[in-house]
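Bear in mind these aren't lab numbers, they're just calculated from the coordinates by the rules spelled out. Model, not experiment: these values are computed from the prediction. Ideal geometry is used to build each Cβ from the backbone, glycine not excepted, and the neighbour counts take in all protein chains shown.
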Amino acid sequence: MERITDNKITIWKINATRDPEKINRCLGMLSVYELTQAKNIHHENQRNLYIISHAASRQILANHLHIPLSEVHIDLHDNGKPFLRNSNGVHFNLSHTHNVALFGLSNNKSIGLDVEFINSGRNILGIAKRFFSPSEYKWLKQSTHQEQLKIFYQLWCYKEACLKGVGCGLKGGLDHFSINDSQIQAGGNTLVHDSIWHFQPVKVSSEHVAAIAHKQDPFKYVLSCWD
């Protein structure tokens, strides 16, 4: 398993499974709260991904902290962002969608992650008009249909990753800050609720778009696979 150091962030890609044996093993790693949340997910694939990704998160944290799984205690801030008790500066974030999840871990930086499945049938302009800033909506509207899909999902991931890093999530408002066209390919810095956040893309697959954000200048990450 990839180990993190002080000068990089590690992201694990976690794939969904229908293997009953693996699902049962992972159920045994979850907290009472997580078991309740899983039980309330009616769609089997989504439920399995929730179970696998949260179990993987706990295993990764236990490995990194050199502690038993039973000593990985995850609580929620008032804003809903999860954190480790007695974390010694360790920060993490989890995002999942359509058969894949990403879990990010940093020794000293608050981070946010988002991964989205590319759905070409969505009303991109309608969603952008409702949730994005006016300048971003204008940019999308003036782009070609082919460009719109890529720009929309990358913008969404950048912005949600930043808001998750801050801790407010989508309640913080995707329209409260803007990302410009020069930042869409490689990322950049932006002011989010009075703090500067750096965001950059994460390559997951041809069917997904993802991003990581952290409260720091440009920073390296390593992508690993969890099994």
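The figures follow:
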item: Exceeding the 18 Å Cα-Cα cut-off - candidates LYS129/LYS159; LYS8/LYS215; LYS138/LYS164; LYS138/LYS203; result: LYS138/LYS164; LYS138/LYS203
item: Dipole of the stretch 70-227, positive end: most advanced residue of LEU84, GLY104, GLN148 [Cβ charges, Cα centre]; result: GLN148
item: Rounded to the nearest 20 debye, dipole of the chain from Cβ charges on Lys, Arg, Asp, Glu; result: 180 debye
item: In Å, descending, principal axis extents of the Cα set of the stretch 9-100; result: 36, 27, 25
item: Interchain or long-range residues, amide H under 5 Å from SER87's placed H; result: none
item: Dipole-positive endmost among ILE11, ASN40, SER53 within the chain (Cβ charges, Cα centre); result: ASN40
item: Simple Cβ-charge dipole of the stretch 114-215, Lys/Arg +1 and Asp/Glu -1, about Cα centre, in debye nearest 20; result: 160 debye
item: Relative contact order %, the stretch 110-227, counting alpha carbon pairs below 8 Å whose residues are six or more apart; result: 33 percent
item: Positive dipole terminus of the chain, leading residue within GLN183, ALA213, VAL202 (C-beta point charges); result: GLN183
item: Given charges at beta-carbon only (K, R positive; D, E negative), |dipole| of the stretch 9-108 in Debye; result: 140 debye
item: Under-5 Å amide H pairs with ASN108, H placed in peptide plane, nonlocal only; result: HIS91
item: For the stretch 57-111 and the stretch 129-172, distance of Cα centres in Å; result: 26 Å
item: Shape of the stretch 112-152, Cα gyration tensor, a/c cut at 1.5; result: oblate
